[in-house]
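Inspection log for the structure reproduced underneath, given as structure tokens.
The values are calculated or read from the model by the stated rules, or taken from the named source; none is laboratory data. Quick caveat, the model's predicted, so the values are computed rather than measured. As a convention, Cβ positions derive from the backbone with ideal geometry for all residues, glycine included, and neighbour counts pool all protein chains shown. For the accessible areas, the whole protein counts, side chains as well, though only heavy atoms, and no ligand, DNA or RNA atoms are used. Shrake-Rupley method; radii C 1.70, N 1.55, O 1.52, S 1.80 Å.
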Amino acid sequence: MPTIDQLPAASASADSDELIVSQSGIARKVTRAQLLAGVQTSFAVGTGELLGNTSGSGVAEGIAIGGNLVLAGGTLSATASPFLVYELPTGTVPSATDLVPISQSDTDVAVPYGTFMSGLSALTTVNASHFTVTPTGSTSVLKMSDFAANTIQKSGAQMTGPLLLAADPALPLQAATMEYVGNTATAAAQAAASAAFANALPLAGGTVTGPVVVGPLTNPGPSNAAVAPLLITFSPTSDRGVGGYQGFSGQVIVANIFQNPDGTGSNFQSEGLSVQENVYSGANAATIGQVALGTHITRNPAKTAAGVIQSGVTAYPACWSIYGTAADMTGLPSSQSGPLACQEYDMQVNAIDDAGTRGGYAFNADNKTQVSAGGLPATVAQGFYSTGLNNCWVNTAYRVAGNHIQSALDARAVMDGITSNTTITANATGTLAHVANVVPYTMGSNQFGGTVSASNPITNVSIGANTYEITGYTLDGPGQISGTITLSSALQGTDGNAGTAVSRPFYAVMMRTGDRIGFDYGGNIQLFYDGTVGGVRLTTTFLATAVSTSSAAVEGPLTVTGGATVQNGISMSGGFLEPPSYTFATMPAASGAPANALIWVSDALKPGEASGAGSGVPACRNAAGTAWLRVGDYTMLAH
């Protein structure tokens, strides 16, 4: 049977010509007229119409040409005119309601002329210097630039001609003439002089009823120089005594010395300017002399009845060798009110500090009376203390700046002279043990500056083979550092034997739970204790170039939640190597694992195990990265 392309071509086609079609799987014939029945033979478009469809899908429809549009010669064009501005008729000065055509958000709109002009004030690029203005009361027309050049600004300006005032000022901020100022200043000076002499203190002496400012004072010379003592006393009042103080400012020393309630007074000595507190027994025991800026302060209990501070006597109030207060009451931020420093020390030096003796701030703590001389062992709460009170926040409590040769913080010498180690001096059982040095065990671990107690214990104290918790202590007495420590649990085995070592942890740095150490300016790299995982977290890659039992030790499990890279191998002397554990349903896709990945699938089948009873196998990735294989026979995992 010939194909269609093998048939001869027809010279013409008529509606009676027949073609072959398939209807419901049966070959049938159909004429050309039947095939084209219902097909529009031509488009019917009226004059002045376009061809399209406005009623949805269907046959083509005529579309009429609207106003201001004309279809001529195959071209659709607008007939509205004119479109050239210069062809428009001449108008008059526009009124506020006249309309101005503009485009807003790609839409043509008409805006009243008054509204259009009101927007000019918001345009920063409009130059109004050539606008004209007629000042009130004047007939002269000035350009805005000329008018502005001859006005006085509220912020201030320099006059180029005389300024005449109408009268003398009647209000505090009104301007004044030279004549008025001269007359007023003369009268004020005369009044001030009269008042000053009326309150002057005669050279022969008198009674001071207000603050006294002392300074500047010169160095009196050697301590044995013949210098008359400087004594300032004030009458006691109801609020002077325990803890009361009054501020006095001076350039060299600021002193505030109260009389004791019994009228004896405190001694202000001239040996470099110092204050000695005479402490009395009974109701007078807590009275002090307070120095805010001074060189030497001593508390002297020599006048107590028994030569020492008696039990039950009111505690001493605070006493300072240097006390400074700086207050900013402007209500302005520091960028406007200026910097504020409570104390600042400026050191100017030459040459290298080859002896290591220069210091901007020195804090030296020592026993006033050494233990060897019968004194009591002493402790100090803090050497440097920074705090913020009430609604004040400190941005940086301690900031180090400038060039550093060796380090910004050096704690290598903090243990010089004394350690946290001691020994049990006599066989002990139960919860009490006598030790050679009890001083390191007087302050608890949980609270800063808090005495050791049941609520503020010292934890992780090593005694013999075990660790204990200390909850209290007693000192043997003056001239002794030995004493008894109290434990929260009884000593075990031979831990209480005489000579057993006792030691507590020492911390060069202590931080609150949750505090973080930042290693870069943005604080993105941090080291901190993460309570959610019970371990120390480093928020960046930890690189180990050599990790072995001889160079690094981990006490307890080591958990790595991200990737870990060890360049030169891992040496283990014990324990187990545990790959990550999954079930068959939760194991990760092999395509995302490295070629040498190893996992544990806890319910995968070992050889010989029945389906659903797998006890787990280690698995590795196949070479193609498409599946996990059972280690051993390297077959596909099953469960």
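Here is how the numbers come out for the structure above:
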quantity	calculated
Spacing of the two label points (7 Å from each Cα toward its C-beta) at Thr207 and Phe384, in nm	4.9
Placed amide H near Ile63: partners under 5 Å, 5+ positions off or other chain	Leu50, Leu51, Gly52
Computed lengthening from Tyr634 to Phe519, 0.36 nm per intervening residue step minus Cα-Cα distance	36.8 nm
Residue-by-residue Karplus 3J(HN,Hα) for segment 330-338, coefficients 6.51, -1.76, 1.60, Hz, glycine and proline x	6, x, 10, x, 4, 5, 10, 7, x
Model label zone, Val85; criterion: amide N under 17 Å from point 7 Å along Cα-to-beta-carbon; scope segment 115-132	116-117
Stretchable slack from Ala78 to Ala200, in nm (0.36 nm times residue separation minus alpha-carbon distance)	33.7 nm
Where labels lie 7 Å past Cα in the beta-carbon direction, separation of Ala597 and Asn150 in nm	8.7
Tensor-based shape of segment 423-487 (alpha-carbon gyration tensor, a/c under 1.5 rounded, otherwise prolate or oblate)	oblate
Theoretical FRET efficiency, 1/(1+(r/R0)^6), r = Cβ-Cβ of Thr423 and Val536, R0 51 Å, to 0.05	0.95
Å² per residue, accessible surface of segment 581-630 at 1.4 Å	52
Which of Asp354, Asp495, Asp15 is most accessible, then next, and so on - probe 1.4 Å	Asp354, Asp15, Asp495
Calculated FRET efficiency for the pair Val100/Ala60, C-beta based, R₀ 60 Å, to 0.05	0.90
Rounded to whole Hz, the Karplus (6.51, -1.76, 1.60) HN-Hα couplings of segment 453-468, x for glycine and proline	7, 5, 8, 9, x, 9, 9, 6, 7, 8, 10, x, 9, 10, 10, 9
Convex hull per residue volume in Å³, alpha carbons only, for segment 581-630	70
5 angstrom amide H check on Asp530, placed H, neighbours 5+ away	Gly535, Val536, Arg537
Solvent exposure, largest accessible area first (probe 1.4 Å, DNA, RNA and ligands not counted), of His639, His130	His130, His639
Solvent-accessible ranking of Cys620, Cys392, largest area first, probe 1.4 Å	Cys392, Cys620
Efficiency of FRET from Cβ geometry, Glu469 and Thr494, R₀ 25 Å, rounded to 0.05	0.85
Estimated distance in nm for a label pair at Leu142 and Ala501, the labels positioned 7 Å out from Cα along Cα-to-Cβ	9.4
Karplus-derived 3J(HN,Hα), 6.51/-1.76/1.60, for each residue of segment 493-510, Hz, glycine and proline x	x, 8, 4, x, 5, 4, x, 5, 6, 10, 8, 10, x, 10, 10, 5, 9, 10
Exposure of Tyr345 as accessible area (Å², to 10), given a probe of 1.4 Å and all protein chains	130
Theoretical gain in end-to-end length, Thr92 to Ser11 [0.36 nm per residue, Cα-Cα removed]	21.4 nm
Amide H partners (placed H, <5 Å) of Ala627, local residues excluded	Asn622
Reach of Lys154 by Cα under 20 Å, taken over aspartates and glutamates that are not fewer than 8 positions away in the same chain	Asp146
